[in-house]
Amino acid sequence: MKNLQLLIIAIVIIVVLYPNIAFADISNSVINVNDTQYGITLNATHANVNTISTNLHSYVYNSLDMNITSDKQYNGSLTLTLTKDAVENVFCITKSDVDNYLKSSTFHVAVDNDPENFTTSYTNNKTSLTFDIPQGSQNVTIFNEFVGMAVSPLVYFKEIPQTGTYSSGQDVIFTGTLVDACGRHLGIEKVYFTAQKLNVTKEVTSDVKGKFSINFTIPANMESGNYTSKIEMYQYAVAYPLSGVETLYLNVKTNNTHTVPESPLYQFKVGIPANKVVCADGFVLIIKAEDDSPACVKPDTAQKLIERGWAESITSGISQTSLASNQTVEIVSVQSISSLTNPGGPPIQLTLKNIGVTPITSLKATLVLNNDYDFDFKNVTLSNPLASGDSISETRILIGAGFRTDLTYPITISGITNNTPFTYTENIHMP
C-alpha cells in the first residue's frame with residue numbers, strides 16, 4: 001500500500017512540475033475503398049482522432065479527413081501508418097510511385113485548413129506520415145490535387161450499352177455502375193437518362209456501391225429509326241464536383257415488321273459515330289480508309305476491301321461468330337508502363353500469336369479503357385495471311401491522364417478466317 005501511495009505521489013509531482021510531457025495515444029482505424037478495408041495505425045501525442053473518412057474525387061482531388069480532439073494548452077503531433085495499397089487506392093496512384101509521390105508538390109497536410117509540414121518514412125509495404133498538431137486543433141486533411149487540365153470525363157457508366165436495337169413498345173432495363181477515372185465506384189449519386197424524341201426522362205439514385213438501374217419503355221407508336229439518348233451525372237455544391245455524360249444510340253424497329261436500318265451514311269450524318277453504325281442483317285460494317293466514313297457490305301466484299309487496304313473492319317458491325325475449334329489467337333503479352341498519368345509517356349505494347357491451323361487474313365485488337373477510350377492496335381498483321389505460329393506486335397502511344405494500370409480491361413480481337421468474320425473478347429490485367 002505504501003508503494004502505491006508513493007507511485008501516485010510521484011505521478012502527481014511529474015504532472016505538476018513537467019506538464020508538457022507528452023503521453024502517446026496509439027489507436028487503430030479502418031477505411032473502406034471499393035469494398036476493401038484498409039487499416040490505419042494512429043500514434044498521437046496531446047491529441048485523439050475521433051473519426052477518419054475518405055473523400056474521393058477521381059484524380060482531381062482525394063483526401064483523408066479526420067476529426068480530432070487536441071490539447072487546448074499544448075502542441076502535439078500525429079503519425080499515421082498505412083499500407084502502400086491504401087495510399088494507392090485512396091490517392092489514385094500506382095503502388096510503385098508511392099514513395100516519390102508523397103514527396104511531390106501535389107501532396108499536402110492541412111490542420112484546421114492551415115498547411116502543415118510533414119515527414120515520411122517507409123518500409124517495404126507501409127508508409128508513415130508525421131506532422132505537428134497545434135494546440136486546440138479540430139480537423140486534419142491529408143490530400144492531393146491534380147495539377148493540369150483534365151482530358152476526359154471524370155465519371156463513367158460501366159456496363160451500359162452504347163448502341164442497341166429495340167422494338168417499339170419494348171420494356172428496356174439499363175443497369176450499370178458509376179465509377180471515377182481511377183476505377184472506384186461512386187455511391188449515392190443522382191443519374192439522369194434523357195431520350196427526348198422518345199419522350200423518356202428518368203432520374204434514379206445509385207446505391208452505396210455505385211449500382212443503378214434505369215427502366216423505361218419504347219413508346220408503342222414510335223416509328224422505326226435511330227434515336228439519340230444520353231445518360232449523365234453531375235454534382236452540385238461541392239468543392240470538387242464530378243460529372244460525366246455518355247451518348248447512347250437506340251435503333252428502334254416497329255413490331256411485327258422487318259425493318260432495315262437507315263443507310264450508314266444517314267446514321268453517320270445524324271451524329272452516330274462511324275464505329276456505332278448499325279447494318280442490316282447479312283452485312284458487316286467497315287470504315288473507308290479514304291475518308292473514315294462507314295459502309296455496310298457483304299462479308300466477302302469486306303474481306304477483299306480490307307486485304308487491299310481500302311477499308312478497316314469494325315467489331316461492333318460484325319456478327320459474333322465464334323472461332324473455329326482449330327483457330328485461336330493467343331494474347332502473348334501486354335507490356336505496359338507503371339503509370340499512364342503522363343501524356344506522351346512510354347508506349348503500351350501488345351503481342352498476339354496465331355496458334356491455329358487456318359490462316360487469318362485480317363486481324364485487329366481494341367483495348368477499351370474506362371468505356372470512352374477505344375485504344376486500337378491497327379494493322380497488326382505480321383504477314384498476309386497470318387499463318388499458324390506467326391506473331392504480331394504493335395506499339396501505340398496512349399494520350400490521356402488518370403488511367404490505372406492495376407485494373408482489368410477488356411480487349412477485343414477481330415478478324416477474318418476462312419472468309420468468315422470472327423470476334424471475341426478477353427479480359428486482361430495490366431499490372
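The values are calculated or read from the model by the stated rules, or taken from the named source; none is laboratory data. Keep in mind it's a predicted model, so treat the numbers as computed, not measured. As a convention, Cβ positions derive from the backbone with ideal geometry for all residues, glycine included, and neighbour counts pool all protein chains shown.
Listed here are the residues, each with its yes/no results for (1) among the β-branched types (V, I, T); (2) touching a strand residue (DSSP E or B) at 6+ places or on another chain (Cβ under 6 Å).
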position: T165; (1), (2): yes, yes
position: F174; (1), (2): no, yes
position: L198; (1), (2): no, yes
position: S206; (1), (2): no, yes
position: Y236; (1), (2): no, no
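Being modelled with pLDDT under 75 and either touching a Gly at 6+ places or on another chain (Cβ under 7 Å) or under 12 Å from A295 (Cα atoms) (or both) is the filter here; which residues of the range 250-261 pass it?
Within the range 250-261, the first condition is being modelled with pLDDT under 75, and the residues that meet it are 255-261.
The answer is N255, and nothing else.
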Which listed residue is acidic (D, E) and in contact with a strand residue (DSSP E or B) (Cβ under 9 Å, 6 or more places away or on another chain), from D180, D97:
D180
Across the range 94-118, what is the total count of residues that are at pLDDT 95 or above and more than 21 Å from N67 (Cα to Cα)?
0
If we scan the range 138-151, do we find a residue that is outside the structural domain of A181 (by TED's automatic domain parsing), surrounded by fewer than 16 Cβ atoms within 10 Å (Cβ to Cβ) and touching an Asp or Glu at 6+ places or on another chain (Cβ under 8 Å)?
yes
Under 6 Å between Cβ atoms, which residue pairs at least 6 apart in sequence (or on different chains) link something in the range 115-130 that is assigned by TED's automatic domain parsing to the domain that holds G76 with a partner that is outside any strand (DSSP E or B) and surrounded by fewer than 16 Cβ atoms within 10 Å (Cβ to Cβ)?
Y122/D99
Residue match in the range 77-89 (condition: buried (at least 16 other Cβ atoms within 10 Å of the Cβ), in contact with a Cys (Cβ under 6 Å, 6 or more places away or on another chain), in contact (Cβ under 8 Å) with a residue 40 or more places away in the chain and outside the structural domain of P241 (by TED's automatic domain parsing))
no
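Filtering the range 218-246 down to residues that are of a type in the set (F, W, Y) and at pLDDT 85 or above, which residue is surrounded by the most Cβ atoms within 10 Å (Cβ to Cβ)? Steps first, please.
Start the filter on the range 218-246 by keeping residues that are of a type in the set (F, W, Y), which leaves 227, 234, 236, 240.
With the extra rule that they be at pLDDT 85 or above, the set shrinks to 227, 234.
Numbers: Y227: 19, Y234: 15.
Restricting to residues being of a type in the set (F, W, Y) and at pLDDT 85 or above, the top hit is Y227.
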Would you tally the residues in the range 67-89 being under 27 Å from the mean Cα position of the chain (by Cα) and not hydroxyl-bearing (S, T, Y)?
7
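When residues of the range 96-125 are filtered for being among the hydroxyl-bearing types (S, T, Y) and not in a strand (DSSP E or B), how many remain?
Residues of the range 96-125 among the hydroxyl-bearing types (S, T, Y): 96, 101, 104-106, 119-123.
Now restrict to residues that are not in a strand (DSSP E or B): 96, 101, 104-106, 123.
Qualifying residue count, the range 96-125: 6.
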